[in-house]
């Protein structure tokens, strides 16, 4: 009988001890991380394109963090962004939801065919990053460096004078591609 | 004499590939013919491309500036011979990408008419500024292959420099241009060093030369002896032949035992390194006033009939050189500019010589066959044994292959100097360097993307703030207008004078808007109460319907939602009015 | 004319993976000859059997994985695994033991993990360990007695019969290994008494450590030095392994009346084969210089511990496999200091 009592007491004592240690550690070593929304927002490409059906990257990050949105609705970020978010949240990555658009291989930039522009300012209002310069009845132009390629300006243009063109590769931005995986070892992943 | 007591250090790794240098050192340097057309890329150096200052149709003289350095880290470009500017357009340039870039094309008139130029006779008495200005003017870029503007290195404050290192190692196989230059122009090189000493005032100066160039070393030794006075402190140091001893970081390590700190430059440890050909160009620029318009280039490889070194004008197409060296064009299967370890392939022989083109290798399929098929990595570790940067090449390979950029960075991929020693020894024929270049490029791209997205986010936030401010301002204006109107109305009521005329002119909506605030609030309150009652009633009805399981429950629920919406709206309006 | 765009370096050293494997096979030849000279033709038969099985399995799996046979078979890695396995097994182990071990080594230990270069455990040792724990009787009773102790030696046909069909004459030609014998005798006898057994000094009591075994070990040592000279591997693993084993034998086992003496540790078992040919298998070993030292020393310590206090007379296979587990971790924490850095990076990158 006494053995049982002693063992129960010992276990209780141990439980209290370790519980105290755990509790202390939880308080003492608490990690003050960025709020999850900030971390998610940092992973999104900030094109503010709205293809996810949210008005910008931050609202989408907010929706994901609240747990009521899927993580595969960002075509500009593509597979790599989905993987990064999945990694952050500890969930399985999903394939990109084609409903919201497809991932593009090349980065695009908007270019206004300036002689066709009628100066309606509609594209200026649509641009989420203020990358279009111009005034009413004046020709508009895109600051290529600031353009995120979201193509939100294409649709509102009444005369269809905005093209999305791939950004040019320069000697500076070029780099060697990954050595081509030969077909016979392609399965060796 | 100094070389006997010198303590040499060693660098990690390294390899001993077959030399293949003797083929091109049998004949002296010969003057290459002036080509009919010269093609000069405006980016022949590291840094901002030069900006053309001539236009098609312009007549140019030999040595005349045709493109100006566009920045501090940039270089002037001069006409290598007299003639006419034919075009300024994009063409194939010598670059790993095989892409096109802007080039200035000159049709030579064959007369070699010089622009006015003058050397500096008493250059050893001149001050540093004058000398640096001459080097800048001459457009000299590191001629060992890297192409870093020489005047930038010469402009490092003298107080920071205690050691000047002249890189005469020329460690890559096949290349012998520096070797032949030292054999034939040793005196000029020593004078060039004196100019650099005058500028940088180092305590000591080392010339590092591999022991596979005894004739060049002897020539330099002789020149040192002839030129010797006590102010000199130039040590000729013969180092063992081992690739890549000519790498800047490795040569510094061999000669001084010190390491250039990570992400730093040699000046951080008081050193500056100059290639021996650049030193020669400095002498010509300062003492003779000749800008960098020609260089020594080795033309070699087993497809070349008479391999040798040429003194060649910048802009000379490689095909011209190959013709003069009697190359069998149909035998060429790989055309390399630079050495076999770090050089890059040329897609066509019409690409022209630049300031950094120290060697042209025209190789048949026998000497440089197509790369063998990549086998599985067996982790043999021969690559780590060969790596002069003491990296773990195979770990980097696994990370690069799986695009795991984070780990590649953590394993210091940025410290890879791309010397190719790892690929050279790899028994599985893995193109390791290309994997690293890919990973480095991706890392850079990711950094650019990150910067871009941060910028976009900033602009987006700024824009939203601006829009919010605009809305707020509009709102404030509207309210101010309403307040003003209300005042007027109150004033009107207070004065019961003939108001009919006035009120006639007032448009109705404005009057509605201008309803006195307390009254409006009261009305809104009523509305909210009414809505509340309706909601309560709808709730009761729904609860009853649900209890009796009536079919109308669905419709009632919708109705309730509508009522709730109305209530929320009314509450909002009231709140706004309260503010 | 459009010439190809190829990344530097353009020059490469001749040779490929197959060359490396063939060099290792070549270095094994002196050991194999010595083995056959002192212990009869059993190992030669096992080598043929294991090689045929291994190449067959490799071809089958490559076929199933839809890979070109010629390209992959020419790396000779399956052949090397087979030969290493065959010379580790007792020479008169029945044919099915050899085949099971080889099959398991090639199919499970190598290809199920992704093939050459991907396997975390040394395939030959996995195969060996499998049959050692599964068929203990066959694995302990099939060691050949040194031919010098047999009246007529063992003929080729007798060896074939022993391996493939009847095992009736087995007892006549087999014997415990010297390590096994010493380990079991030392509890009840002094060193002097144990050394009376002819297995140590032959029928005529020559001056030797362990009849035959010493020469086999020396031959493997020779082959190992050849490989080191050919720069197939660096000195780190064998040296640290042998050093660790020797130090423990000296400091713990100095009393040969209670423990197996250092001479037998080094020259009576599979020590040299293990140190130069098994532990140096680059795929499964640690790869950094410091890591290799730790890895080799770990194997040396484990060999000593298992041989002395474990239930197996020899321990190379288990020691190597146990250290295979540790190799990736050792690598992460033994990275060299990169040029220009103050200190080495240790461990994997942290996530922020």
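The values are calculated or read from the model by the stated rules, or taken from the named source; none is laboratory data. What you are looking at is a predicted structure, and each value in this text was computed from that prediction instead of being measured. Note: ideal-geometry Cβ built from the backbone for every residue, glycine included; neighbour counts use all protein chains shown.
Here the range A:110-131 is the region considered, the condition is being within 13 Å of chain B (Cβ to nearest Cβ) and farther than 13 Å from residue A:49 by Cβ, and the residue that is nearest to the chain's Cα centre (by Cα) is A:130.
When the range C:2-29 is filtered for residues that are more than 20 Å from residue B:20 (Cα to Cα), out of contact with any strand residue (DSSP E or B) (no Cβ under 9 Å at 6 or more places or on another chain) and facing chain B (nearest Cβ under 7 Å), the ones remaining, listed by number, are C:2, C:16, C:17, C:19, C:20.
Limited to the range C:150-183, what total is found for residues that are in a helix (DSSP H, G or I) and modelled with pLDDT of 85 or more? Of the residues in that region, 15 qualify.
Considering every residue within the range B:45-61, establish whether at least one is within 30 Å of residue B:236 (Cα to Cα), more than 14 Å from chain C (Cβ to nearest Cβ) and surrounded by 13 or more Cβ atoms within 10 Å (Cβ to Cβ). Checked the range B:45-61: at least one residue is within 30 Å of residue B:236 (Cα to Cα), more than 14 Å from chain C (Cβ to nearest Cβ) and surrounded by 13 or more Cβ atoms within 10 Å (Cβ to Cβ). Does residue B:103 qualify as being closer than 10 Å to residue B:41 by Cα and in contact with a strand residue (DSSP E or B) (Cβ under 9 Å, 6 or more places away or on another chain)? It is true that residue B:103 is closer than 10 Å to residue B:41 by Cα and in contact with a strand residue (DSSP E or B) (Cβ under 9 Å, 6 or more places away or on another chain). Look at residue B:291 and say whether it is in a loop (DSSP other than H, G, I, E, B), away from chain C (no Cβ under 13 Å) and crowded, with 24+ Cβ neighbours inside 10 Å. Against the criterion (in a loop (DSSP other than H, G, I, E, B), away from chain C (no Cβ under 13 Å) and crowded, with 24+ Cβ neighbours inside 10 Å), residue B:291 qualifies. Restricting to the range C:300-340, and then to whatever is over 13 Å from residue B:392 (Cβ atoms) and assigned to a loop (DSSP other than H, G, I, E, B), can you tell me which residue is nearest to the other protein chains (Cβ to nearest Cβ)? Filtering first and then ranking leaves C:340. Tell me yes or no: at least one residue of the range C:30-52 is within 24 Å of the chain's Cα centre (by Cα), within 11 Å of chain B (Cβ to nearest Cβ) and part of a loop (DSSP other than H, G, I, E, B). The answer is no, given that none of the residues of the range C:30-52 is within 24 Å of the chain's Cα centre (by Cα), within 11 Å of chain B (Cβ to nearest Cβ) and part of a loop (DSSP other than H, G, I, E, B). Looking only at residues of the range A:125-184 that are within 23 Å of residue B:437 (Cβ to Cβ) and surrounded by 15 or more Cβ atoms within 10 Å (Cβ to Cβ), we find that the one that is modelled with the lowest pLDDT is A:171. Taken together, B:435, B:397 contain a single residue that is touching a helix residue (DSSP H, G or I) at 6+ places or on another chain (Cβ under 9 Å), at pLDDT 90 or above and facing another protein chain (nearest Cβ under 7 Å), which is B:435.
Residue-by-condition table, conditions (1) at pLDDT below 90; (2) more than 14 Å from chain C (Cβ to nearest Cβ); (3) out of contact with any helix residue (DSSP H, G or I) (no Cβ under 8 Å at 6 or more places or on another chain); (4) within 19 Å of residue B:272 (Cβ to Cβ):
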| residue | (1), (2), (3), (4) |
| --- | --- |
| B:154 | no, yes, no, yes |
| B:157 | no, yes, yes, yes |
| B:164 | no, yes, no, yes |
| B:168 | no, yes, no, yes |
| B:172 | no, no, yes, no |
| B:177 | no, yes, no, no |
| B:181 | no, yes, no, no |
| B:194 | no, yes, yes, yes |
| B:210 | no, yes, yes, no |
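To keep it simple, each residue is scored yes or no on (1) under 29 Å from residue B:127 (Cα atoms); (2) outside the structural domain of residue B:21 (by TED's automatic domain parsing); (3) surrounded by fewer than 19 Cβ atoms within 10 Å (Cβ to Cβ); (4) in contact (Cβ under 8 Å) with a residue 40 or more places away in the chain.
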{"site": "B:202", "(1), (2), (3), (4)": "yes, no, no, yes"}
{"site": "B:207", "(1), (2), (3), (4)": "yes, no, no, yes"}
{"site": "B:222", "(1), (2), (3), (4)": "yes, no, yes, no"}
{"site": "B:234", "(1), (2), (3), (4)": "yes, no, no, yes"}
{"site": "B:254", "(1), (2), (3), (4)": "no, no, no, yes"}
{"site": "B:258", "(1), (2), (3), (4)": "no, no, yes, no"}
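A residue that is away from chain B (no Cβ under 13 Å), closer than 19 Å to residue B:453 by Cβ and touching a residue at least 12 places away in the same chain (Cβ under 8 Å) can be found somewhere in the range A:160-172. Exactly one residue out of C:317, C:344 is surrounded by 21 or more Cβ atoms within 10 Å (Cβ to Cβ) and on the phi < 0 side of the Ramachandran plot, and it is C:317.
Evaluation of residue B:285 against the conditions (1) at negative phi; (2) part of a loop (DSSP other than H, G, I, E, B) shows that the sole unmet condition is (2). Out of all the residues in the range B:23-42, is one or more within 14 Å of another protein chain (Cβ to nearest Cβ), closer than 29 Å to residue C:11 by Cβ, surrounded by 15 or more Cβ atoms within 10 Å (Cβ to Cβ) and touching a residue at least 60 places away in the same chain (Cβ under 8 Å)? Yes; the residues of the range B:23-42 include at least one that is within 14 Å of another protein chain (Cβ to nearest Cβ), closer than 29 Å to residue C:11 by Cβ, surrounded by 15 or more Cβ atoms within 10 Å (Cβ to Cβ) and touching a residue at least 60 places away in the same chain (Cβ under 8 Å).
Yes/no per residue for (1) away from chain C (no Cβ under 12 Å); (2) surrounded by fewer than 24 Cβ atoms within 10 Å (Cβ to Cβ); (3) touching a strand residue (DSSP E or B) at 6+ places or on another chain (Cβ under 6 Å); (4) not in a loop (DSSP other than H, G, I, E, B):
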{"position": "B:299", "(1), (2), (3), (4)": "yes, no, yes, yes"}
{"position": "B:306", "(1), (2), (3), (4)": "yes, yes, no, no"}
{"position": "B:309", "(1), (2), (3), (4)": "yes, no, yes, yes"}
{"position": "B:319", "(1), (2), (3), (4)": "no, yes, no, yes"}
{"position": "B:330", "(1), (2), (3), (4)": "no, yes, no, yes"}
{"position": "B:342", "(1), (2), (3), (4)": "no, yes, no, no"}
{"position": "B:350", "(1), (2), (3), (4)": "no, yes, yes, no"}
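Checked against (1) in contact with a helix residue (DSSP H, G or I) (Cβ under 6 Å, 6 or more places away or on another chain); (2) in a helix (DSSP H, G or I), residue B:137 passes all but condition (1).
Looking at residue B:194, is it surrounded by fewer than 24 Cβ atoms within 10 Å (Cβ to Cβ) and assigned by TED's automatic domain parsing to the domain that holds residue B:24? Taking the combined requirement at face value, the residue satisfies it. Could you look through the range C:236-273, keep only residues that are surrounded by 15 or more Cβ atoms within 10 Å (Cβ to Cβ) and outside any helix (DSSP H, G or I), and pick out the one that is nearest to the chain's Cα centre (by Cα)? Going through the qualifying residues, I end up with C:270. Residues that are away from chain B (no Cβ under 14 Å) and closer than 19 Å to residue C:225 by Cβ are absent from the range C:279-294 altogether. Of all the residues in the range C:112-134, those that are modelled with pLDDT of 95 or more, within 14 Å of chain B (Cβ to nearest Cβ) and in a helix (DSSP H, G or I) number 1.
Looking only at residues in the range B:400-432 that are in a loop (DSSP other than H, G, I, E, B) and within 19 Å of residue C:333 (Cβ to Cβ), the one that is farthest from the other protein chains (Cβ to nearest Cβ) is B:404.
So which residues in the range A:41-58 are without any contact (Cβ under 8 Å) to a residue 24 or more places away in the chain, within 11 Å of chain B (Cβ to nearest Cβ) and under 13 Å from residue B:460 (Cβ atoms)? Residues satisfying the conditions are A:41, A:55, A:57, A:58. Among the residues of the range A:143-184, those identified as more than 22 Å from residue A:131 (Cβ to Cβ) and assigned to a loop (DSSP other than H, G, I, E, B) are A:171, A:174, A:175, A:176, A:177, A:178, A:179, A:180, A:181, A:182. Is it fair to say residue B:390 is under 16 Å from residue C:335 (Cα atoms), within 29 Å of the chain's Cα centre (by Cα), in a helix (DSSP H, G or I) and away from chain A (no Cβ under 13 Å)? So residue B:390 does not fit the description; no.
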